[in-house]
1. What does the charge count near Y415 come to, summing +1 for each Lys or Arg and -1 for each Asp or Glu among other residues with Cβ under 15 Å from its Cβ?
2. How big is the gap, in Å, between the Cα center of region 29-83 and the Cα center of region 374-430?
3. Roughly what would the spin-label model give for S125 and A25, points 7 Å off Cα along C-beta, in nm?
4. Within region 213-241, list the residues whose amide N lies under 20 Å from a label point set 7 Å along Cα→Cβ of N103.
5. Quick check: residue separation of L3 and N136 times 0.36 nm, minus the Cα distance between them. What number comes out in nm?
6. Within 10 Å of each residue's Cβ, count the other Cβ atoms and sort V403, V141 from fewest upward.
7. Around T37, with a cut-off of 13 angstrom between Cβ atoms, what is the net charge of the other residues, counting Lys and Arg +1 and Asp and Glu -1?
8. Tell me, Y322, Y220 in order of fewest to most beta-carbon neighbours within 10 Å?
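What follows draws every value from the coordinates through simple rules; no lab data is involved. Because the structure is a prediction, the values reported are computed rather than measured. Cβ atoms come from the backbone with ideal geometry, glycine included; neighbour counts cover every protein chain shown.
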Amino acid sequence: MPLTYYIAVMLCGALLLIGVVRIKADWCIPYGAALATIAAWYFVEPIYTPEQFAFFVRGDISEAYLLVIVFLCGFALFTPVMVRTIAPPHVEAAARFGGGDANQLAIWAIAAWALILAYGTFRLSGDLMAALFPVNSRTGVQMWSRQAGAGAGPTGFIVSAAAYLYTLCTAAFGLLFFMVKGVRMRAILLMLIAISWPYFVLLGARSTFIAVCLPAVLSYALFARHPIWLKTIVVAGAGGVINLILLLIISYRNIGFGTASISKPEGAIHYGLNMSSELVHAVSFLREGTLKIDFGMGYLTQAVNVIPRAIWAGKPLGSVEYSIARGFGDPTFQDIGVTATVSTGIIGQGVLAFGPFFGPLVAAALFSAWVATLTRFWRQGTPTRFLLFLIGLGLTFNLGRDVSLLVLWPMIFAYTAVKLLEQTQANGMRRSNIAVTRTAALRRTWSRGKL
C-alpha cells in the first residue's frame, strides 16, 4: 500500500484518540461511531482481501487514500462547527411534556409491528410462517418482495414503506428492552425479538440485520445498569455472535437456509467491505473519462427517492451509471438496466459528485451534520429522542456505504412518529392546562359570590 494509506490510518487513529480523551462529552459517541465507520470501510479491505488491489494503478490507490485524508481533515474541522450550530450546548428538549415513557413507546411499536406483519402475511396469501421465517432467502418469496424501478408499479412505494416500518418496529424491540420498566414488558419484548429477528437473518441482507440488532447492543452499552467490565464482555460477545451470523448470511443467502449449520462456515469471508476499492475505481473512472463529475446530481437523485413512482414514473435511479461502469450493466433488465447496483462509499459518492478535492469535503460536511444531529437528539434527553439517537447510531455504519434515503428511511419514519407523539402529548397537556385554569377561575368567582 502507498504511503498515503498509512498516513490516513494514523490520522484516523489520532482523531479517535481525541474522542477517547473527551469521552465524557455528549458528542463523542456519534463522533467515534463515524470514525469507526470510516476505518471499517476504508482501512480493513487492504488487509482482509488485499487481492482486490492487485490490478489497480498504484497512483490511483495513492490518490484514493489522499482523498480519505482530505475527508478526515474536513470531518475534524466541520464537526465542531456543525455541533455548535445544530446542537448548541443548552438545546431545549423538543418534548417539554416528557415525550412518552419507554413502556408507552414499546406499546406503540408492538401495535405497529402487528399491523404491518398482517399486511405482509396478506401479501403471502396468509402464510404466517413464510412471512416470519423465509428460509429460502433470496431463492424464495418474502413479505416485501417487489420488482425494482418502474417494474414495482404504482404500489411499490407502499411495499417499500411497509418494509422500512417493519425494520423500524423490530429494531425498537431491542433498543427499548433496556429502557422499559417491569418484568412483564421485558418478557414481551424478548418474545417478540425471538419471533421477529430471525426474518432479518433469513432475508439475506446484512445491512438490514445490522440496522435491527446494532441499536440493541448500543442501548445495552448506554442504559443497562451493569459494571463497565461486564458491559465490555457482553458487547464483545455480541460482536462475536453478530460476526458469525453475518458469515452465515453470506454463505446461505443465495441457496437458502434449509441446510444451514450454526458452526462457522468453512472458508466463509466477509464480502462487501470494499468501499476503499470502490473509491479507487471512482478515481480511475474520472481519470480515464469513463464517468464525469455530476455536480451533485447523484445526491439529488438520492433525495428525490422520497417521491413515489406513482407520482413520478420517470424518477431517476441512483448508482446506475456507476454500476454500468463497474461492469454490471445488462439491457435485458429493462426495469433498471443493471444486474446489481454498486455502492460507491460515502467518500466515493462525494468524489463523483464534486470532484477529487471538493467531493471529500462535501461528504465530510454531511457526515459531520449527521454527528451533530445525533448529538442534538442526545442533548434533548427525552425517551423519544433517545430512541432517535439509538436508531441513528445504528444506521451510521450503513451510511458509510452511501448517504442515501435507502439507508435513512427508518430514521425518517421514526422521526415522523416521534413528532406526532410529541405533538399529541403537547396538545393534551395544553387542553389540560386550559381546563385547570378555567376550573380555578370558576372557583374564584363562586367564592367571591358566596362571600
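1. Neighbourhood net charge equals +2.
2. Distance between centres, Cα-based: 27 Å.
3. With each label point 7 Å from Cα toward Cβ, the separation is 5.9 nm.
4. Flagged as within label range: 223-225.
5. That pair, L3 and N136, stretches by 43.3 nm at full extension.
6. Going from least to most buried by this count: V141, V403.
7. Net local charge, T37 excluded: 0.
8. Lowest count first: Y220, Y322.
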